[in-house]
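A.B. asks: Quick one: the structure is below, and I'll ask about it shortly.
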Amino acid sequence: MGGCFSDMKGGKQAVGGIREAATGVEPQNDAVDFFYKTQGFQQLFTRVELSLSASNLLDRDITSKSDPMVVVFAKKRDGQLEELGRTEVIMNCLNPEWIEKISVAFQFEIVQPLEFHVYDIDTKYHGVPAKTLKLRDQEFLGMANCTLSEIVTKQSRRLTLRLQNKSGNGGLRNLGAITVHAEETVASRSVVEMVLRCSRLDNKDVFSKSDPFLRISRMVESGGYIPICKTEVINDNLNPKWRPICLGGHKFGSKDNPLLIECFDFNSSGDHVLIGKMQKSVTELEKLYREKTGANFVIPSTRDRQEKVLKGQLFVDQYCEKEQFSFIDYVSNGFELNFMVAVDFTASNGNPQHSDSLHYIDAYGRLNPYQKAIMEVGEVIQVYDSDRRFPAWGFGGKMPGGTVSHCFNLNGNPGGSEVVGVEGVMDAYANALRSITLSGPTLFGPVINMAAQMAAQSLSSQYNTKYYVLLIITDGVVTDLQETTDALVKASDLPLSVLIVGVGNADFTSMEVLDADNGRGLVSSTGRVATRDIVQFVPMREVESGQISVVQALLEELPDQFLSFMQSRDIKPQPQVSTSAML
């Protein structure tokens, strides 16, 4: 039975309804869409969501069933695969129905090949967020491919594909099948937040009480249901009350659309037992809240086709509708991203006079890794900064006077750090290499604190419409990990994000600790936990190898980080008043 995540601990987590307000209105990354629009690419596409399920998967585990996850790729013209997204991991299940959806831009005028790779996630990775899993460490169960148009042109918008091995055939073994269902994304700003509880549930366990969780599914036009949300599991409780669930309007569509609400008793084997079910729309759930009444679960009768009404009931203890805003709502109404740049001048980069140095300036104009990063990253980020005046610093370099500085103005001007545009950063960088001696160690703390100071000053403004993004370009591992962590935790309350771009071939494993994608927040030396994740790490070698695009890599987490700050301060976009309207 689908809808469970990972191992005993991970399998009991909520999926799909965890305070969506932090993730924006639509499932797509509208920061990426906005960038392409500014480059003259109009939105000649429709956003669709892919829902995935599978049947008869191979059982790779010895004492239990496989724990499957799907990774969806777009196949580019050169044959390279670009990852579009991953489902959650479902524990002990050979016929999974995944809740996490994959958002894809459907462009009718071009062929869009897709590949679906199914993996069995190794037990030692259970509980680890799916997006951080290394696929080479997992067991491959099978793959299927088709074009996006093959799915959306079906009357049911549903396509079932036979899984094959990597050589393109199933061999003698049946590897199972994967079913893909496509639906056009409905843009909606409405969000419904509810607190659900149950009373007097039937007990399905022998030696203890049931461990209940709810799964909510939406009816689709072609018939049947697609799961959109699952609560966490509450152990040993027949009167459970779950944490708030948050459903965006794009998930349930109309408030009158029927939703299937199922209550299961969690079993670690993956064979969850149905306690009861009911069909309710959001409107009907709101009515339960207002009337302070419960609704009875039903269960199919074993004797006839009629349903048996159970004594167990569902209650809605809290219900509220909110309006949530997208990243585009803010940037199109006067909010700006102010970018700052910090460049690594430590000796590990190699002598700039030698051609094998990461800082070597080629006489024939070939860009070194730092110049490439500045150019490629700058082309993306300057789109969001109207005056294109960037504070630019260096760190880890020995100044002409002999002292090592971990935050110096890249332009050499003691009175100000700003340079104009990407060209200004490039010129300041080249000039600094002539006067600054590479030294060390690699300390991020001082430049993060400097950026945080500037971000803090903006909060004193009555009309705060600025959000700051610090770009750190480095070749190696940070030396002051705890000081850096302390600085990031302190800055997590400020309008600031930190993008760390790694150049060269160093082992950047420790950088992933700063990028809290593992689900564990950063903790300072005093025990304070970061209020939000503000760091993203991008290794340029992955961009250069074609695994990810620089635009997607840089902007992957930025909208969520931006929105999480605005929502934490209850800052709403105010429509701009035109000058002519004021006259």
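A.B. asks: From the list GLY424, GLY334, GLY350, GLY396, pick out the single residue that is within 30 Å of MET566 (Cβ to Cβ), open to solvent by less than 50 Å² (accessible area, probe 1.4 Å) and modelled with pLDDT of 90 or more. It would help to see each step written out before you state the result.
C.D. replies: On the way: GLY334 fails: modelled with pLDDT of 90 or more; GLY350 fails: within 30 Å of MET566 (Cβ to Cβ); GLY396 fails: within 30 Å of MET566 (Cβ to Cβ).
Step by step, each of GLY424, GLY334, GLY350, GLY396 is checked, and only GLY424 is within 30 Å of MET566 (Cβ to Cβ), open to solvent by less than 50 Å² (accessible area, probe 1.4 Å) and modelled with pLDDT of 90 or more.
A.B. asks: Residues in region 252-274 that are assigned to a strand (DSSP E or B) and within 15 Å of ALA14 (Cα to Cα): how many?
C.D. replies: 5
A.B. asks: Sticking with this one: Does region 57-72 include one or more residues that are without any contact (Cβ under 8 Å) to a residue 24 or more places away in the chain and either hydroxyl-bearing (Ser, Thr, Tyr) or closer than 18 Å to HIS181 by Cβ (or both)? Quick ask: steps written out before the conclusion?
C.D. replies: As a first pass, look at region 57-72 and keep what is without any contact (Cβ under 8 Å) to a residue 24 or more places away in the chain: 62-63.
Adding the requirement that they be either hydroxyl-bearing (Ser, Thr, Tyr) or closer than 18 Å to HIS181 by Cβ (or both) leaves 63.
Yes, the conditions are met somewhere in region 57-72.
A.B. asks: Now for a separate question. Which residues, counting only those in region 67-89, are more than 23 Å from LEU247 (Cβ to Cβ) and either assigned to a loop (DSSP other than H, G, I, E, B) or not assigned by the TED database to the domain that holds GLY176 (or both)?
C.D. replies: Scanning region 67-89 gives ASP67, LYS76, ARG77, ASP78, GLY79, GLN80.
A.B. asks: Now for a different question. For region 375-384, check the following and say yes or no: at least one residue is at pLDDT 90 or above and either part of a loop (DSSP other than H, G, I, E, B) or charged (D, E, K, R) (or both).
C.D. replies: no
A.B. asks: Just one of (1) among the polar types (S, T, N, Q); (2) in contact with a Cys (Cβ under 7 Å, 6 or more places away or on another chain); (3) not in a strand (DSSP E or B) trips up SER348, so point out which.
C.D. replies: Of everything listed in (1) among the polar types (S, T, N, Q); (2) in contact with a Cys (Cβ under 7 Å, 6 or more places away or on another chain); (3) not in a strand (DSSP E or B), SER348 misses just condition (2).
A.B. asks: Which condition does GLU379 not pass, out of (1) within 27 Å of ASN333 (Cα to Cα); (2) buried (at least 22 other Cβ atoms within 10 Å of the Cβ), if it passes all the others?
C.D. replies: Tallying (1) within 27 Å of ASN333 (Cα to Cα); (2) buried (at least 22 other Cβ atoms within 10 Å of the Cβ), GLU379 fails exactly one: (2).
A.B. asks: One residue is enough: does region 291-310 have a residue meeting the conditions free of Cβ contacts under 8 Å to residues at least 60 places away in the same chain and either in a helix (DSSP H, G or I) or not assigned by the TED database to the domain that holds LYS255 (or both)?
C.D. replies: There is at least one residue in region 291-310 that is free of Cβ contacts under 8 Å to residues at least 60 places away in the same chain and either in a helix (DSSP H, G or I) or not assigned by the TED database to the domain that holds LYS255 (or both).
A.B. asks: Out of region 390-428, which residues are of a type in the set (Ser, Thr, Tyr) and within 26 Å of LEU337 (Cα to Cα)?
C.D. replies: The answer is SER417, and nothing else.
A.B. asks: Anything in region 428-448 that is assigned to a helix (DSSP H, G or I) and either surrounded by 18 or more Cβ atoms within 10 Å (Cβ to Cβ) or outside the structural domain of PHE390 (by the TED database) (or both)? List them, or say none.
C.D. replies: Matches in region 428-448: ALA428, TYR429, ALA432, LEU433, GLY445, PRO446, VAL447, ILE448.
A.B. asks: Would you check if GLN567 is open to solvent by less than 90 Å² (accessible area, probe 1.4 Å), within 19 Å of THR485 (Cβ to Cβ), part of a helix (DSSP H, G or I) and modelled with pLDDT of 80 or more?
C.D. replies: no
A.B. asks: Moving to a separate point now. With the structure loaded, tell me whether ASP362 is at pLDDT below 90, farther than 18 Å from VAL447 by Cα and either touching a helix residue (DSSP H, G or I) at 6+ places or on another chain (Cβ under 8 Å) or not small (Gly, Ala, Ser) (or both) or whether it fails that test.
C.D. replies: no
A.B. asks: May I pose another question? Across region 482-507, what is the total count of residues that are open to solvent by 10 Å² or more (accessible area, probe 1.4 Å) and not in a helix (DSSP H, G or I)?
C.D. replies: 6
A.B. asks: Which of the residues spanning region 67-80 are modelled with pLDDT of 90 or more and out of contact with any Cys (no Cβ under 7 Å at 6 or more places or on another chain)?
C.D. replies: Correct list: ASP67, MET69, VAL70, VAL71, VAL72, PHE73, ALA74, LYS75.
A.B. asks: Any residue that is assigned to a strand (DSSP E or B), without any contact (Cβ under 8 Å) to a residue 60 or more places away in the chain, in contact with a Leu (Cβ under 6 Å, 6 or more places away or on another chain) and crowded, with 20+ Cβ neighbours inside 10 Å - is there at least one of those in region 406-417?
C.D. replies: no
A.B. asks: Looking at this structure, is GLN371 under 15 Å from VAL469 (Cα atoms) and either in the same structural domain as VAL503 (by the TED database) or not in a helix (DSSP H, G or I) (or both)?
C.D. replies: So GLN371 fails the test.
The values are calculated or read from the model by the stated rules, or taken from the named source; none is laboratory data. Given the structure is predicted, the values throughout are model-derived calculations rather than measurements. Positions of Cβ are generated from backbone atoms using ideal geometry, with glycine treated the same way; all protein chains shown enter the neighbour counts. In case anyone asks, the SASA skips ligands and DNA or RNA and just uses the protein heavy atoms, side chains included. Shrake-Rupley method; radii C 1.70, N 1.55, O 1.52, S 1.80 Å.
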